[in-house]
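What follows is a set of notes on a single structure, which appears directly below.
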Amino acid sequence: MLDVAHMGLHVGQLTSREAMRFCFEAVTTNAARVMNLDGYGLAIGCNADFVILQAADPIEAIRLRARRLAVVRRGKVIAETSAEIGALFLDGRSARLDPASYAPRAG
């Protein structure tokens, strides 16, 4: 669904940070709301179904097409993937680079 959101941003020319967050919500919380899923959400008593992404925020999740680090269903990890770490060979810079680490920080 991140690919759907990514394509939607480009097709719809949704370039503001607010529009990008809207696209993320369209494929996550709003999609679940439309389907009337029971037990969906982040509250006591919900199903504990979620995906952990290698991204600092929803905008970076879409922009980077973030890697799924873990998929949790009913509170149990059912899939895991190691983090993507790149190598950088520049003087004075860290040799290891996590794509999620260079997200712009909100001021």
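Here, each number is a calculation from the coordinates, and none is a lab measurement. Not measured: the values here are computed from a predicted model. Don't worry about glycine lacking a Cβ; one is built from the backbone with ideal geometry, like all the others, and counts go over all protein chains shown.
What is the distance, in nm, between label points placed 7 Å from the Cα along the Cα-to-Cβ direction at D3 and at T81?
1.1 nm
State the answer as a single residue: which of A19, N30, N47 lies farthest towards the positive end of the charge dipole of the range 2-102, with beta carbon charges of +1 for Lys and Arg and -1 for Asp and Glu, about the Cα centre.
Farthest towards the positive pole: N47.
Under unit Cβ charges (Lys, Arg +1; Asp, Glu -1), what dipole magnitude, rounded to 20 debye, does the range 2-102 have relative to its Cα centre?
120 debye
Gain in length, R68 to I44, computed as 0.36 nm per residue apart minus the alpha-carbon separation, to one decimal in nm?
Difference between extended and current length: 6.2 nm.
Would you mind checking which residues have amide H under 5 Å from A70's amide H? H placed 1.01 Å from N; only 5 or more apart, or other chain.
For A70, whose amide H was placed from the backbone, the distant partners under 5 Å are I52, T81.
Can you compute the modelled spin-label distance between H10 and D98, with each label point 7 Å from Cα toward Cβ, in nm?
That separation, rounded to one decimal, is 2.8 nm.
By how many degrees, between 0 and 90 and to the nearest 10, does the Cα long axis of helix 17-26 differ from the longest principal axis of the chain?
Tilt relative to the chain: about 40 degrees.
May I have the pair-distance distribution P(r) for the chain, computed from all Cα-Cα distances with 5 Å bins from 0 and rounded to whole percent?
Per 5 Å bin, starting at 0, the Cα pair percentages come out as 2, 11, 17, 19, 19, 15, 10, 4, 2, 1, 0.
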